[in-house]
Amino acid sequence: MATSMLKSALFSGAAVAHKSSSAKSSGSTARAIRPAQRHANASKVPCSAQSDEEMKVSRRDFGVAGPAAAAVTLALSALPAQEALAAATVTGQWEQVDLGLEPGVILLDIAFVPNDPNHGFLLGTRQTVLETKDGGKTWDRRFLGETEEDQINYRFQNISFSPSGNEGYIIGKPAILYHTTDGGKSWERVPLSARLPGNPLVITALDDKGTAEMATDEGAIYTTSDAGQRWKAAVEETVSATLNRTVSSGISGASYYTGAFATMARSAYGDYVGVTSRGNFYMTWEPGQTYWQPHNRSSSRRIQGMGWRTDGGLWLIARGGELFFGQGEGVTEEFEQRRIGARGFGILDVGFKDDNEVWAAGGSGSLFRSTDGGKSWQRDKEFDSLAANLYTVKFMNNGNTGFVLGNDGVMLRYTGLA
C-alpha cells in the first residue's frame, strides 16, 4: 500500500517519475558533495505530529493560537539529575534578539542567502516568516501571500538556498512549498499533491536550475529538476512499510511500526538520518539505496535527536542529557559517550561552528561549549534563567554567523566576544 502511494503520487498535475524496483539510483538523486563544499547543503529539522484540525484558526485568531512542542516538553520533564561535569563556565558568547513575537511561537529554522550574508530568513510556527538585512540584528515580518487567506495555521519548517543564493525553497506543514529565483525578494507557491506521503520535513536547493530534493516525515524522498513541477522518487516505500516488511531484522521496537520521523538531518553528501517518533531506534538512507536502513540505538535511553558532524560522522543525543559521537565518518552503530553534564536538563540539539568549536543547547536556556571537538565541555551560564527551551543550534557563513532558536520566539545571536 505504501509502495503504491509513492509510485502514484502526483505533484502539480504532473506524474512523478520513478526508478524501477531493480534499478539503483544514479547521480540524479542526492548528489555527493565534494569535501570542500561539505557544509553547504547540510540541513537538520525537528518535527512534531499535529492534526490539521489543530491548525485551523479563524482570521481573528491567527497568530494567537498555535501548536506547542509537546513531545520535546515531555522529554524535558522528570529527568534524573546528573553530575555537573561542565564545571567551567563561559559567558558573553551570545546575545538575545528581541523579535517582538507573541508568546507561543516556536522558531524552527533559519538560513541566509549565500551571496548576501546579511540577508536571511527565520521560520516558525503560526505562519512565522521574518526577514533580516543586517546579519540578524533586526528582523521584520515577511508575508509570503496566499497562506494568510487559507485560514490554516501553517508551520513553516525548513528553508534552503542554492550555493549561489539565487534559488531557494520554504516548506511547511500542512504540506506547502514556496520557491524563489531572486534570492528571496519574491516567493511563488508551488502546488503539492494531497497524495504526498507525509508532510515535507527537509528541502535542499541543489543548484540554480530548479534542482532540489525533498524528504517527508514518513520517509519519502523526492528530487525535482524543474523547481517542483515534477518529482522523482528516490525510495520505494515509506519507513512504516519497510519496518513492517522486515520485522525479523532484530530492530527493537520495529514490529508493526506506524508513525513518522520526529527529527531528520541531511548531510552535505546527501545522506539522511532520521529518528523515529518513539525514539527507540533510528534509520539512515544513502544515495543509491532503495529503502531506509533501520538501526538499534546504542543507549538504554530513547533517542532525542541525531545529526551530522563537520567531519561527516554522526552525533546522537538521548533523553536525560546524554551525548554520543559516532565512530569514524558516515553511518555507524558504534558510538562513544561524550560526558557533558547537563544538570538534569535534556539536550535538544548540537551545532558545529567548525571542527573544534561545538555548542549544545537544551531545556531552560541550557548552553554548553566545547573547543576540542566535543571531548570536554564548558557551561554558558548567562542564560540559565531564560524561561525557554532551546531547540536548534545553527552556524552558517563558514561559522561566522550563528543562532540558537527556541520557543516563545526566543532567539540568540552568536557574538563570540568573550
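Would you point out the residue of segment 155-179, among those that are of a type in the set (S, T, N, Q) and in a strand (DSSP E or B), that is nearest to residue 226 (Cα to Cα)? Give the steps one after another, and end with the answer.
Just the residues of segment 155-179 that are of a type in the set (S, T, N, Q), to begin with: 157-158, 160, 162, 164, 166.
Now narrow it down to the ones that are in a strand (DSSP E or B): 157-158, 160.
On the way: 157: 22, 158: 20, 160: 16 Å.
In this case the residue turns out to be 160.
Residues that are among the charged types (D, E, K, R) and either at pLDDT below 90 or open to solvent by less than 60 Å² (accessible area, probe 1.4 Å) (or both): does segment 118-128 have at least one?
Yes: one or more hits.
Condition check ((1) at pLDDT 95 or above; (2) in contact with a His (Cβ under 8 Å, 6 or more places away or on another chain); (3) closer than 14 Å to residue 323 by Cα) across all residues:
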site: 342; (1), (2), (3): no, no, yes
site: 345; (1), (2), (3): no, no, yes
site: 350; (1), (2), (3): yes, no, yes
site: 353; (1), (2), (3): yes, no, no
site: 359; (1), (2), (3): yes, no, yes
site: 363; (1), (2), (3): no, no, no
site: 373; (1), (2), (3): yes, no, yes
site: 380; (1), (2), (3): no, no, no
site: 383; (1), (2), (3): no, no, no
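I need a count of the residues in segment 174-191 that are open to solvent by less than 10 Å² (accessible area, probe 1.4 Å) and either free of Cβ contacts under 8 Å to residues at least 24 places away in the same chain or of a type in the set (Lys, Arg) (or both).
Total meeting the criteria: 1.
Please indicate, with yes or no, whether at least one residue in segment 341-349 is under 23 Å from residue 136 (Cα atoms), assigned to a loop (DSSP other than H, G, I, E, B) and open to solvent by less than 30 Å² (accessible area, probe 1.4 Å).
Checked against the condition, which is being under 23 Å from residue 136 (Cα atoms), assigned to a loop (DSSP other than H, G, I, E, B) and open to solvent by less than 30 Å² (accessible area, probe 1.4 Å), segment 341-349 yields no hits at all.
How do the pairs read when you match residues in segment 397-408 that are among the hydroxyl-bearing types (Ser, Thr, Tyr) with residues anywhere that are in a loop (DSSP other than H, G, I, E, B) and open to solvent by less than 30 Å² (accessible area, probe 1.4 Å), using Cβ under 9 Å and keeping only pairs 6 or more apart or on different chains?
Once the first residue is among the hydroxyl-bearing types (Ser, Thr, Tyr) and sits in segment 397-408, its partners that are in a loop (DSSP other than H, G, I, E, B) and open to solvent by less than 30 Å² (accessible area, probe 1.4 Å) give 401/135; 401/136.
Return the pairs, sorted by first residue and then second, in which the second residue is of a type in the set (D, E, K, R), the first residue lies in segment 212-230 and is part of a strand (DSSP E or B), the beta carbons are less than 6 Å apart, and the residues are 6+ apart or on different chains.
223/213; 223/232
Any chance segment 350-362 includes a residue that's surrounded by fewer than 21 Cβ atoms within 10 Å (Cβ to Cβ), touching a residue at least 60 places away in the same chain (Cβ under 8 Å) and either farther than 21 Å from residue 264 by Cα or in contact with a helix residue (DSSP H, G or I) (Cβ under 6 Å, 6 or more places away or on another chain) (or both)?
no
Among the residues of segment 192-211, which ones are at negative phi, open to solvent by less than 10 Å² (accessible area, probe 1.4 Å) and modelled with pLDDT of 95 or more?
If the condition is that a residue be at negative phi, open to solvent by less than 10 Å² (accessible area, probe 1.4 Å) and modelled with pLDDT of 95 or more, then 200, 201, 202, 203, 204, 205 are the ones that fit.
The values are calculated or read from the model by the stated rules, or taken from the named source; none is laboratory data. All figures in this text were calculated on a predicted structure; none of them were measured in a lab. Ideal geometry is used to build each Cβ from the backbone, glycine not excepted, and the neighbour counts take in all protein chains shown. Accessible surface areas use protein heavy atoms only, side chains included; no ligands, DNA or RNA. Shrake-Rupley method; radii C 1.70, N 1.55, O 1.52, S 1.80 Å.
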